[in-house]
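> I'd like to ask some things about the structure below.
The values are calculated or read from the model by the stated rules, or taken from the named source; none is laboratory data. Model, not experiment: these values are computed from the prediction. For neighbour counting, all protein chains shown are included, and Cβ atoms are generated from backbone atoms with ideal geometry for every residue, glycine included. The accessibility values were calculated without ligands, DNA or RNA, using every heavy atom of the protein model including side chains. Shrake-Rupley method; radii C 1.70, N 1.55, O 1.52, S 1.80 Å.
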Amino acid sequence: MTLRDQHVLITGGSSGIGLELARQAAAAGARVSLIARDPAKLALAREAVGGVTFSAVADVAVEAHVTEAIRAAEQTHGPVDVVMTSAGVAEPGYFADLPTAAFERAMAVNYFGTLYALKAIVPAMRQRGRGAVVLVSSGAGLHGFFGYTAYGPSKFALRGLAESLRAELNGTGVHVMIVYPPDTDTPQLAAENRTKPLETKAITAGGGLWTAEAIARATMAGLAKRRFALTPGAPLTALYWLSSLLAPLLFWHFDRLARKARGRTGKD
Ligand SMILES: NC(=O)c1ccc[n+]([C@@H]2O[C@H](COP(=O)([O-])OP(=O)(O)OC[C@H]3O[C@@H](n4cnc5c(N)ncnc54)[C@H](OP(=O)(O)O)[C@@H]3O)[C@@H](O)[C@H]2O)c1
């Protein structure tokens, strides 16, 4: 699908992957709307994206706020043609050290923040018989990685949502896509790296380090080809297609990496 003259709405569009998606959508001729919490970051993002960019402040974890922001975007740019849900938080750490609130935040922002946006947009897309939905999950939504007991389940939940929704919307003209990025050089990754266990760093390094620009480019190319699942790079592509088959080997390999890394931390 081409994005020219389309209304593309991006949650988490003020930073990182979401900001790059916004830039590339605007460059392709889309009318872009951005939703995030910090008005100062949103104003900078609007400038960086250029074109006819609308923004609204909302916490995606609060359904009434995200719905109101989407209605305001629709008043400016018309019905949403493509929604991309990139708003997300990641708090890696050892299970015993992570407060229960970190698990609740991950589900509230990553899963329910996506769900609320889709609930506000998808029914109208279905009525019009056209549109696209792009969910941003993570490599941590494909396999349960060390250090991601809070983050991983929220990204697995997105996979369940995307697969069920794809099945329901098949044949309606509304396309569903889910992206599983590996480590990507963004403010979120920099923040994560301050608390990420060494074991997690040793394991996720296998997916390489991507730029937000490259992830956004791959996403746009995948959307144009109406792909369902996008797994940038060979390691995550293998994980996506072969994880059940390879599970015993993967557990052995990742446990070994964690043991080696733990040797360096001295933790048992
Ligand atoms: N970077 C990676 O290595 C990586 C890898 C795999 C998947 N991902 C996923 O990719 C997505 C984008 O991550 P990123 O690395 O680009 O992060 P980022 O640079 O920190 O951007 C996150 C965006 O989400 C917004 N946001 C966060 N919490 C929000 C909330 N409660 N309500 C509304 N907006 C909120 C942020 O703005 P405000 O803070 O102003 O609200 C910001 O615009 C996330 O879902 C992340 O889990 C990232």
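> Does A25 qualify as being more than 17 Å from A212 (Cα to Cα) and either surrounded by 20 or more Cβ atoms within 10 Å (Cβ to Cβ) or at pLDDT below 95 (or both)? Quick ask: steps written out before the conclusion?
Values: more than 17 Å from A212 (Cα to Cα): no; either surrounded by 20 or more Cβ atoms within 10 Å (Cβ to Cβ) or at pLDDT below 95 (or both): yes.
Taking the combined requirement at face value, the residue does not satisfy it.
> Scan the range 189-200 for residues that are of a type in the set (K, R) and more than 11 Å from the ligand (Cβ to nearest atom) and jot them down.
R194
> Let me ask something additional. How many residues does the range 104-134 hold that are small (G, A, S) and within 15 Å of the ligand (Cβ to nearest atom)?
Counting residues in the range 104-134 that are small (G, A, S) and within 15 Å of the ligand (Cβ to nearest atom) gives 5.
> Now for a different question. Every residue in the range 84-129 that is outside any helix (DSSP H, G or I), within 16 Å of H7 (Cβ to Cβ) and polar (S, T, N, Q), please.
Once the filter is applied, which keeps residues that are outside any helix (DSSP H, G or I), within 16 Å of H7 (Cβ to Cβ) and polar (S, T, N, Q), the range 84-129 yields only T85.
> Exactly one condition in (1) farther than 19 Å from V136 by Cα; (2) touching a His at 6+ places or on another chain (Cβ under 9 Å) is not met by L169; state its number.
(1)
> Could you check, for the range 222-242, whether at least one of its residues is open to solvent by less than 80 Å² (accessible area, probe 1.4 Å), in a helix (DSSP H, G or I), within 11 Å of V179 (Cβ to Cβ) and without any contact (Cβ under 8 Å) to a residue 60 or more places away in the chain?
Checked against the condition, which is being open to solvent by less than 80 Å² (accessible area, probe 1.4 Å), in a helix (DSSP H, G or I), within 11 Å of V179 (Cβ to Cβ) and without any contact (Cβ under 8 Å) to a residue 60 or more places away in the chain, the range 222-242 yields at least one hit.
> Can I ask one more? Here are T67, T53: which of them is within 16 Å of the ligand (Cβ to nearest atom), polar (S, T, N, Q) and either closer than 28 Å to Y148 by Cβ or buried (at least 23 other Cβ atoms within 10 Å of the Cβ) (or both)?
The unique qualifying residue is T53.
> If you don't mind, another one. Restrict the check to the range 177-195 and report whether at least one residue is over 19 Å from the mean Cα position of the chain (by Cα) and either surrounded by fewer than 15 Cβ atoms within 10 Å (Cβ to Cβ) or at pLDDT 90 or above (or both).
Yes, there is a match, as at least one residue in the range 177-195 is over 19 Å from the mean Cα position of the chain (by Cα) and either surrounded by fewer than 15 Cβ atoms within 10 Å (Cβ to Cβ) or at pLDDT 90 or above (or both).
> Before we move on, is I203 surrounded by 17 or more Cβ atoms within 10 Å (Cβ to Cβ), more than 10 Å from the ligand (Cβ to nearest atom) and not in a helix (DSSP H, G or I)? Working first, answer last.
Numbers: surrounded by 17 or more Cβ atoms within 10 Å (Cβ to Cβ): yes; more than 10 Å from the ligand (Cβ to nearest atom): yes; not in a helix (DSSP H, G or I): no.
Criteria not met by I203.
> Could you identify the single residue in Y180, Y148 that is of a type in the set (S, T, Y), in contact with a strand residue (DSSP E or B) (Cβ under 8 Å, 6 or more places away or on another chain) and closer than 27 Å to L245 by Cα?
Being of a type in the set (S, T, Y), in contact with a strand residue (DSSP E or B) (Cβ under 8 Å, 6 or more places away or on another chain) and closer than 27 Å to L245 by Cα holds for just one of Y180, Y148, which is Y180.
> Report, by residue number, each residue of the range 5-50 that is part of a loop (DSSP other than H, G, I, E, B), of a type in the set (G, A, S) and near the ligand (Cβ under 7 Å from one of its atoms).
Correct list: G12, G13, S14, S15.
> If we scan the range 163-173, do we find a residue that is within 13 Å of the ligand (Cβ to nearest atom) and among the aliphatic types (A, V, I, L, M)?
no
> Checking the structure you have, find out if any residue of the range 151-169 is aromatic (F, W, Y), open to solvent by less than 40 Å² (accessible area, probe 1.4 Å) and in contact with a helix residue (DSSP H, G or I) (Cβ under 6 Å, 6 or more places away or on another chain).
yes
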